[in-house]
Amino acid sequence: MKSLAKALFIPLVLSALFMASMPASAHHAGHSDQLNAEMKKMGFNFKRSGSAKTIEDMQSYVTEFREQAENARETGYSDAPEAFQKGIDQLLTGLAGVQAALDQKDLDLAKQRMKKLNDIRKKYHREFNV
């Protein structure tokens with residue numbers, strides 16, 4: 001449960017990091033708001049994936065999570081540090097492993113692989129000192 005609480009904290013911390021690193025302009029504020037929204041949705045779907053009872057539910061959460069990660073990558077691409085892009089790419093690679101487990105109809109393996117994505121979050125939080 002403690003790691004799920006941390007997972008929900010991810011979007012807020014990363015959003016604060018990006019907001020602090022961006023110049024104050026309407027263009028950047030729009031990107032920051034959009035990135036913040038995507039990160040919050042990612043945290044929400046990460047949390048929901050841990051309590052998925054069926055392959056179909058898990059698939060839905062993973063699909064939404066992947067779309068949000070891709071949106072975050074595109075939104076933050078021109079303004080985010082290179083390390084952010086690398087982290088998003090690693091996250092998407094990890095999601096491919098989750099998808100492979102879902103394709104094999106192995107819910108437990110999919111959940112285990114999804115939990116490992118938290119390691120990526122921890123790594124980049126340390127790197128960004130957040």
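Restricting the stretch 112-130 to residues that are crowded, with 17+ Cβ neighbours inside 10 Å and of a type in the set (K, R) leaves a set whose member that is modelled with the lowest pLDDT is R121. Pairs are defined by a Cβ separation below 7 Å, a sequence spacing of at least 6 or placement on different chains, a first member in the stretch 98-119 that is more than 14 Å from I55 (Cβ to Cβ), and a second member that is at pLDDT 95 or above; the pairs so defined are K116/G94; L117/G94. For the criterion of being modelled with pLDDT of 90 or more and within 13 Å of the chain's Cα centre (by Cα), L107 fails. The criterion of at least 3 residues that are farther than 16 Å from L107 by Cβ, touching a Lys or Arg at 6+ places or on another chain (Cβ under 6 Å) and at pLDDT below 90 is met by the following helices (runs of 4 or more DSSP H) wholly inside the stretch 1-76: 2-21.
The values are calculated or read from the model by the stated rules, or taken from the named source; none is laboratory data. Everything numeric in this text was worked out from a predicted model, so none of it was measured. Every residue, glycine among them, receives a Cβ derived from its backbone with ideal geometry; neighbour counts consider all protein chains shown.
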